[in-house]
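Asks: Take this structure, written in structure tokens, and hold onto it; I'll ask about it next.
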């Protein structure tokens, strides 16, 4: 997998291995060859992610993770699995971009009593699923997406983040 990691906040340490592991697990789960896929990830702080959230979602507040899929793969019918992306003429699959904020992630992990690495892994899995057309706006889609997250995280040795 081609992971283009841009670190704007020096507090992000060891993120490349964690991201590679999380994205790879999602791709394998979805039946995609990680060697063909490309993801860009921006590791930033709350100030930067609030700017991005304002620019792209008209919500001028920090958030934990944002995703920009390269193409719309969402299923038309709620609760159905999105289409898989196809390689381009070079044989590669550009999935899109993810941004993640250290401040919000650290705060959420502390409040939930979770390790930062487990929480960030969950958010990278979550963001990668968004790149693949999964969403949580409609209830059936949320159920599908959360179930997949739990399965992938379980394979990575991380407990259900939704505490069912």
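The values are calculated or read from the model by the stated rules, or taken from the named source; none is laboratory data. Treat the numbers as computed from the prediction; the structure is a model and nothing was measured. Quick reminder, even Gly has a Cβ in these numbers, built from the backbone with ideal geometry, and neighbours come from all protein chains shown.
Asks: Pick out the one residue from 47, 61 that is modelled with pLDDT of 95 or more and assigned to a loop (DSSP other than H, G, I, E, B).
Replies: Being modelled with pLDDT of 95 or more and assigned to a loop (DSSP other than H, G, I, E, B) holds for just one of 47, 61, which is 61.
Asks: A follow-up question, please. Within the stretch 102-123, how many residues are closer than 15 Å to residue 9 by Cα and within 12 Å of the chain's Cα centre (by Cα)?
Replies: Within the stretch 102-123, residues that are closer than 15 Å to residue 9 by Cα and within 12 Å of the chain's Cα centre (by Cα) number 1.
Asks: If you check every pair at least six apart or on different chains, which have Cβ atoms under 7 Å apart with a residue in the stretch 20-40 that is on the phi > 0 side of the Ramachandran plot first and a residue that is loosely packed, with under 15 Cβ neighbours inside 10 Å and not in a helix (DSSP H, G or I) second?
Replies: Final answer for the pair search is 31/84.
Asks: Quick one: would you say residue 91 is more than 18 Å from residue 11 (Cβ to Cβ), in a strand (DSSP E or B) and touching a helix residue (DSSP H, G or I) at 6+ places or on another chain (Cβ under 7 Å)? Give the derivation first.
Replies: Values: more than 18 Å from residue 11 (Cβ to Cβ): yes; in a strand (DSSP E or B): no; touching a helix residue (DSSP H, G or I) at 6+ places or on another chain (Cβ under 7 Å): yes.
Taking the combined requirement at face value, the residue does not satisfy it.
Asks: Can you find a residue that is touching a helix residue (DSSP H, G or I) at 6+ places or on another chain (Cβ under 7 Å), in a loop (DSSP other than H, G, I, E, B), modelled with pLDDT of 95 or more and within 25 Å of residue 37 (Cβ to Cβ) anywhere in the stretch 100-119?
Replies: No, because not a single residue in the stretch 100-119 is touching a helix residue (DSSP H, G or I) at 6+ places or on another chain (Cβ under 7 Å), in a loop (DSSP other than H, G, I, E, B), modelled with pLDDT of 95 or more and within 25 Å of residue 37 (Cβ to Cβ).
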